[in-house]
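The values are calculated or read from the model by the stated rules, or taken from the named source; none is laboratory data. Predicted model only: the values in this text are computed from it and were never measured. Reconstructed Cβ throughout: ideal geometry from the backbone, glycine too, with neighbour counts over all protein chains shown. Note: areas computed on protein heavy atoms with side chains; ligands, DNA, RNA excluded. Shrake-Rupley method; radii C 1.70, N 1.55, O 1.52, S 1.80 Å.
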Amino acid sequence: MLNHRDSFQRTVMGVAVVAALIAPAGGCKKTEPAATDKAQPGSAEPAKPGSAAVDAQMLAAAQTALDAAYKGTDRTPPQTAPKPAKGKKIWIISPGQIGESASIPTNAAKEAGELLGWDMTIYDSKLDVANFSLGIRQAIAAKADGVILHSIDCPLVKQALTEAREAKVKIVAYYSLDCDDPSIKGQPLYDGSVNFGSQFGTYADLTKAWGAAKADWVISKTKGKAKVISFKEDELMVVKYIREGFEQELAKCKSCEVVKTVDFTLADLGPKLQQKAQSALLQHPEANAIHVPYDSAMLLGVSAALLESGRNDQLDVVAGEGFPTNIQLIRDNKGQDAANAFPAKWTATRSR
């Protein structure tokens, strides 16, 4: 029986999050056993000898979270806004424009600033963490009025941020954690960050909830029997919190497990990440699900490895933000099945 792509939405921090996208009719689909051979959604199947029994209550709770995610809307858009200042020079520091996870929002921020008549510059760190501070210092030297940080945490650039404050350069960040994050316990150095609302607490809480939504999808798709290959990139705190949220939610499913954690860094995006993914797939033929923290990692390594493995139709794969190229992967059955979509352009344009 051919199955359609699942679709659900979750509202996190007032932002509607699409966690799986429906493929158009006629697209490639995964083949599953006949419906009579499958447990109904929210029901538990008998445990095999030596395996943990599926908790029917836990599975039902995961399914309820997915069903409830269809409901609700974000706040009503504001009808007025402060009058923007004129003639500002702004630099945007990107961790790497090679990936859509950075290029789409940073380009949106640049376009929005230019509509205001501002002088906008994107600095591409080219996936090298050492370049983050270099970009900030170049902005200071260029007499920038402000710097926008994309996914660049305060601890990684603490000294450069201190220099920027001394030079009276304003710092605004999104997808980033300041030095007063509880895991750091320092003093804040950002002048501002994008506010998603207070419903779910801190930005760290938001990203953990975002990861948890992906775990609910995996639990539901595997009927509470997930054996996950999880990709771990703790270089950036936002990515670390996404993974922690996923793993903490998955841990509620006692019949689920992470069978392999694949460590990678920004510099690995591309052939190195593909090789790591290939190795994990070879080592763990029992895996039936994959968690990738953000879409660029899917595009720059994991998708190609999965397609080459010949196991594309045997694994349920959830990645990140739901960018256009990744949505096309879902539609074409090219190694990705779900995306926990996030309003990247909206987020970046709110950092002006």
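Quick notes on this structure:
- Breaking point among (1) charged (D, E, K, R); (2) at pLDDT 95 or above; (3) open to solvent by less than 60 Å² (accessible area, probe 1.4 Å), for residue 100: (2)
- When the test is whether a residue is open to solvent by 30 Å² or more (accessible area, probe 1.4 Å) and either among the acidic types (Asp, Glu) or in a loop (DSSP other than H, G, I, E, B) (or both), residue 77 passes it.
- Among the residues of segment 278-301, those identified as part of a helix (DSSP H, G or I), open to solvent by less than 10 Å² (accessible area, probe 1.4 Å) and among the small types (Gly, Ala, Ser) are 280, 296, 297, 301.
- There is at least one residue in segment 247-260 that is touching a Cys at 6+ places or on another chain (Cβ under 8 Å) and assigned to a helix (DSSP H, G or I).
- Residue list for segment 261-277, filter: of a type in the set (D, E, K, R) and either part of a loop (DSSP other than H, G, I, E, B) or surrounded by fewer than 18 Cβ atoms within 10 Å (Cβ to Cβ) (or both): 263, 272
- Breaking point among (1) open to solvent by 50 Å² or more (accessible area, probe 1.4 Å); (2) within 21 Å of residue 98 (Cα to Cα), for residue 254: (2)
- Some residue of segment 225-242 being within 30 Å of residue 60 (Cα to Cα), among the small types (Gly, Ala, Ser) and open to solvent by less than 10 Å² (accessible area, probe 1.4 Å): yes
- Hits in segment 199-222 (condition: at pLDDT 95 or above and part of a loop (DSSP other than H, G, I, E, B)): 222
- Count of segment 327-345 residues which are over 19 Å from residue 216 (Cβ atoms), touching a residue at least 24 places away in the same chain (Cβ under 8 Å) and either open to solvent by 10 Å² or more (accessible area, probe 1.4 Å) or not in a loop (DSSP other than H, G, I, E, B) (or both): 9
- The one condition in (1) at pLDDT below 95; (2) open to solvent by 60 Å² or more (accessible area, probe 1.4 Å) that residue 248 fails to fulfil: (1)
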